Structures are given as structure tokens and as C-alpha cells.
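Every read-out reported here was derived from the displayed coordinates using simple, explicitly stated rules and does not represent laboratory data. Not measured: the values here are computed from a predicted model. Cβ placement follows ideal geometry from the backbone for every residue including glycine, while neighbour counts extend to all protein chains displayed.
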Amino acid sequence: MNNFWYGKKVFVTGHTGFKGSWLCMWLYLLGAEVVGYATKPPTSPSLFELCNVEKLLSKSVLGDIRDQDILKKEMNLFQPDIVIHLAAQPLVRDSYRLPVDTYSVNVMGTVNLFEAVRNTKSVKAVVNVTSDKCYENNEWVWGYRENDRLGGHDPYSNSKACAELITSAYTNSFFNIHDYANHGVAIASVRAGNVIGGGDWAKDRLIPDCIQALLDSKPIYIRSPHSIRPWQHVLEPLSGYLSVAEKLYESGTIYSGPWNFGPEDGDARTVEWVVQKLCDKWDENHGYIVEGGLNPHEASYLKLDCSKSKSRLNWSPKWDLNEALNQTIEWTIAYKNGSDLRQVSFNQIKKYEDCIEENL
């Protein structure tokens with residue numbers, strides 16, 4: 001990685017979550033000065049606490065993205081160069097149980113984020129993290145492109161489509177590309193697939209549920225064995241987010257707009273394939289059980305077309321699904337053995353960076 005990030009001031013929302021914790025550790029290694037803004041870690045244990053991520057930050061603010069006044073205050077105090085917005089209610093099944101919370105966090109939280117940016121003159125680049133589920137899913141066998149129709153069957157997916165529309169509206173209304181010389185802010189939204197990696201304990205997500213069952217020596221229960229997802233290690237989309245942020249900061253609005261960051265087509269695998277691989281890597285005798293009964297609707301087939309990111313950002317996945325699973329198992333074994341998990345995470349980030357350098 002180059003030295004672009006050294007000394008940059010980065011405001012990260014959702015820093016206590018799984019993806020946010022990995023991002024903050026990476027930004028620390030790159031020499032950035034980071035302030036995080038989020039509610040307390042959403043799980044126990046959590047990657048944030050196990051790796052003591054708070055000690056790597058200039059400041060860790062425990063605040064709700066729905067509290068516009070506090071968000072504005074903290075962003076204005078820090079005067080960041082770059083804002084990366086990860087704070088969200090991130091789970092499909094929780095969105096059926098808590099639809100109002102899901103919309104208030106994912107929709108009004110995004111509005112509040114942009115209002116805080118409007119109030120902070122130092123900001124030059126904003127990356128809003130949404131989801132591959134923001135697309136209207138027609139169960140196509142080909143990947144969705146950035147200009148495909150937005151939609152969303154469930155409250156989570158729909159709320160992420162709404163967040164995309166908000167991003168577009170604020171860009172056009174307050175940060176228009178034709179008025180860049182006056183406001184100086186470039187904005188992008190980023191859409192990624194199902195991320196995996198060490199330190200994810202979110203409930204009702206496949207890999208965390210599998211890992212917990214493996215640690216407890218219990219059977220794994222799966223509910224949609226034939227559903228296909230674009231699986232990828234968490235560092236893959238994060239590398240894309242960092243790339244977009246750098247381009248926005250250095251080159252302005254020519255890199256504004258939506259970007260997909262997904263795995264290669266061969267890594268869009270079924271739930272059952274992934275579970276079987278995990279079991280084989282952990283213990284060949286460990287098995288799984290397919291649950292019966294009715295479950296809330298979830299898309300059965302979803303892939304991303306990342307041609308735009310590959311051609312314009314020179315971004316591409318570095319770890320295939322097999323390697324992503326290897327890194328996840330390696331991290332989990334280190335956790336089981338009581339290892340220094342921050343150092344384990346640092347080592348995995350450096351290994352990923354080596355792969356980036358090899359492909360330059």
C-alpha cells in the first residue's frame with residue numbers, strides 16, 4: 001500500500017462493528033488518525049474489544065447515528081479529511097423483527113451523516129457503505145451492475161436502497177459535481193457481498209453461526225442450503241473502500257457514484273458448499289443439519305458485476321473463497337488458543353497487503 005493514508009484524518013461511523021473494527025485496524029497500520037462514532041459493540045465477544053481497537057484510535061465516541069446534534073458536534077470537532085459511513089442495522093432477519101429501528105438507523109442515520117458533512121468544511125471525500133442487497137433482486141444468474149434498478153424485498157435490503165437514493169439526492173442537491181469548485185466534497189456509495197473473516201459473532205449469519213457451533217463442538221444448522229451468495233473475506237471490500245476514498249480525495253468527483261466490490265464469479269457458492277468446506281477445514285467429522293420449517297424471505301441468488309471497479313480502480317479480489325475460509329479458521333483457532341488477536345489481525349492485513357503489492 002502507498003503512503004497516502006499517513007496522517008489523514010478519517011471519521012469512521014460504525015467502528016465498533018465487525019467490518020468497522022477491521023477497517024480501523026487497517027487505517028492504524030496505514031498511519032491514519034481515526035475518530036470512531038458508534039454505539040457499543042453489537043456482540044459479546046466482539047472483535048472491537050478482543051483486539052482493543054479503541055487504543056488504536058484518536059477518539060472513540062459512543063453515540064447513536066440517529067442523534068444528529070452529537071454526530072455534528074463530534075465530526076466538527078475532529079475536522080476530518082475523509083468520512084467512511086458504516087453505521088447500520090446490518091441483519092436481514094433482524095429487520096423483520098425491528099423494521100422501524102432498521103429504517104431509522106439505515107435511512108435517517110444516512111441523512112444525519114450527510115447533514116454532519118454539510119456542517120464540516122474540512123471533509124473532501126465521503127464513502128457511504130450500503131449493500132449488494134440494495135438491488136431489486138430478480139434472481140438473475142448474472143451479476144448486478146451499478147446502474148441496475150434499486151429495490152429490496154425485506155426492510156433491511158429496502159432500507160439500503162433508500163440509503164442509496166439519499167446519497168444520490170444529497171450529491172445532486174448539496175454536493176453537485178458541477179459545483180465541486182465551491183463545495184470541494186466528492187461522494188461515493190459502495191456495495192459489497194457477504195463478508196466473512198475472524199471475529200464476527202453476529203447472530204443469524206451463516207459463518208458466525210457455524211464458527212460458534214464449531215467452537216462449542218455442536219452440529220451446524222443451516223436453513224437455505226441451496227442459496228447462492230457472493231462470499232468474500234472482509235478485507236476485500238475494505239480494500240475497495242480505501243481505494244475509492246483515496247481517488248475521491250485526490251481526483252474529486254470523477255470517482256463519485258456507486259461502486260461494486262464482490263468476489264470472482266467462481267466464489268459465488270451455495271450455503272451448503274461453504275458449510276461443508278468449513279467443517280472439512282475444522283474437523284472432517286463435524287457435520288451439519290438442514291433445518292425445516294418456514295423462514296423469512298431471503299434472496300436465493302445474488303451476484304455482483306465488478307467490471308467498473310476492476311477497470312477504473314484497478315481493483316480485484318486477492319483471496320479466493322478457499323483462502324478466505326482458511327484465514328477465518330486461522331483467526332478462530334488463534335482465538336480458541338488465547339493468542340494475541342490484534343497481532344493475528346495485523347498479520348492477516350499485512351498478508352493481504354502483500355498480495356496487493358504482488359499484483360501491481
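One table, with the values for the structure above:
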item	result
Positive-end extreme of charge dipole, the chain - chosen from GLY152, PRO317, ALA38 (charges on Cβ)	ALA38
Additional length obtainable on full extension of the chain from SER339 to ASP101, 0.36 nm per residue less Cα span	82.0 nm
Helix 109-118 axis, angle to the chain major axis (alpha carbon atoms, nearest 10°)	30 degrees
Column: log10 I(q)/I(0), Debye, Cα scatterers of the stretch 67-147, q = 0.19 Å⁻¹	-0.90
Ranked CYS51, CYS24, criterion: other C-beta atoms within 10 Å, fewest first	CYS51, CYS24
Gained length - HIS226 relative to GLU358, 0.36 nm times residue gap less alpha-carbon distance	44.0 nm
Hz values of 3J(HN,Hα) by residue in the stretch 323-339 - Karplus curve (6.51, -1.76, 1.60), Gly and Pro given as x	5, 4, 5, 4, 5, 5, 5, 4, 5, 5, 5, 4, 4, 4, 8, x, 6
For the stretch 125-178: span of alpha carbons on each principal axis (Å, largest first)	37, 23, 16
Student exercise, the chain dipole from Lys, Arg, Asp, Glu Cβ charges, in Debye to nearest 20	740 debye
0 to 90° range, to nearest 10: angle between helix 155-174 axis and the chain longest Cα axis	20 degrees
Volume per residue of the C-alpha convex hull in the stretch 9-358, rounded to whole Å³	125 Å³
Candidate aspartates and glutamates - alpha carbon under 20 Å from LYS318, same-chain residues fewer than 8 apart omitted	ASP132, GLU236, GLU246, GLU264, ASP265, ASP267, ASP305, GLU330, GLU353, ASP354, GLU357, GLU358
Per-residue Cβ neighbour rank within 10 angstrom, fewest leading, HIS85, HIS286, HIS153	HIS153, HIS286, HIS85
Cα centroid separation, the stretch 95-109 to the stretch 1-53 (Å)	24 Å
Gap separating the Cα centres of the stretch 319-335 and the stretch 166-219, nearest whole Å	20 Å
Scattering curve values for the stretch 157-245, log₁₀ I(q)/I(0), Debye with Cα scatterers, q = 0.15, 0.22 Å⁻¹	-0.77, -1.15
Tilt relative to the chain, helix 68-78 - C-alpha long axis, 0 to 90 degrees, to 10	70 degrees
Residues in the stretch 144-159 reached by a label modelled at ASP265 [backbone nitrogen below 18 Å; 7 Å Cα→Cβ]	144-146
Estimated vicinal HN-Hα couplings, Hz - the stretch 143-154 in sequence order (Karplus 6.51, -1.76, 1.60; Gly, Pro = x)	x, 7, 9, 4, 9, 6, 5, 7, x, x, 6, 9
Extension reserve of the TRP140-GLU323 stretch, reckoned as 0.36 nm per residue once the Cα distance is removed	63.2 nm
Counting DSSP beta bridges with both ends in the chain, the antiparallel % (nearest 5)	10 percent
Integer Hz, Karplus 6.51/-1.76/1.60 couplings in order for the stretch 266-282, x for Gly and Pro	x, 9, 8, 10, 6, 4, 5, 4, 5, 5, 4, 4, 4, 4, 5, 6, 8
Percent of Cα pairs exceeding the 21 Å cut-off, where the set is the stretch 1-126	37 percent
Members of LYS59/LYS247; LYS8/LYS55; LYS160/LYS351; LYS40/LYS308; LYS59/LYS277; LYS308/LYS351 lying beyond 28 Å, as alpha-carbon distances in this model show	LYS160/LYS351; LYS40/LYS308; LYS59/LYS277
Packing rank of 303-312, 105-114, 197-206, where each peptide gets the mean count of other beta carbons within 10 Å, highest leading	105-114, 197-206, 303-312
FRET E, pair HIS178, ASN314, Förster distance 22 Å, beta-carbon r, rounded to 0.05	0.25
